[in-house]
C-alpha cells in the first residue's frame with residue numbers, strides 16, 4: 001500500500017492544489033502506481049497535447065513534455081503540443097489558476113484553447129481527404 005502522505009511530498013502535490021480530502025480518495029494510490037507512459041506510447045493516431053500555464057493540478061510543462069515523449073518514443077510522428085498562457089486546468093482564462101477561482105470564471109473554455117483544438121481538427125480533416 002502506498003503511503004499517501006509520503007506521495008504528496010514525493011510528487012510535490014503539496015505545491016499545487018491537492019486537498020487532504022482528495023488525497024484520501026482511493027483512486028489516488030492507484031493513479032500514482034499507474035505508468036501512463038505505456039498507454040501513451042501505444043497511441044498511433046494524431047494527438048494534440050495541451051495544458052494551461054496556470055494549471056495547478058499538474059505541472060504544465062513537465063506534463064506536456066512527458067506525454068509528448070511517450071508518444072514519440074512509441075513511434076507517433078503526428079503529435080502537436082503546447083502550453084497555453086493564462087489558462088487553468090480547465091482551459092479557462094484565469095488570474096491564479098487555483099481551484100477556488102474556477103467558479104468565478106464566466107467562460108467554459110477560453111477562445112484560444114478552442115481555436116487550437118479547431119485548428120488541429122481542421123488539419124486532421126484536410127489530411128484525411
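Readers should treat all values here as calculations from the given coordinates under stated rules, not as data from a laboratory. Every value quoted in this text rests on a predicted model; they were computed, and no experiment measured them. Positions of Cβ are generated from backbone atoms using ideal geometry, with glycine treated the same way; all protein chains shown enter the neighbour counts.
Backbone N atoms of segment 38-76 closer than 17 Å to the 7 Å Cα→Cβ label point of residue 119 belong to residues 47-53.
When the chain is fully extended, how far beyond the present Cα-Cα distance does residue 21 get from residue 72, taking 0.36 nm per residue of separation? Spell out each step's value before the answer.
Numbers: separation 51, 0.36 × 51 = 18.36 nm, distance 3.57 nm.
Difference between extended and current length: 14.8 nm.
What is the Rg over Rh value, at two decimals, for segment 60-119, using alpha-carbon atoms and the Kirkwood definition of Rh?
On the way: Rg = 13.7 Å, Rh = 12.9 Å.
On the Cα set of segment 60-119, Rg over Rh gives 1.06.
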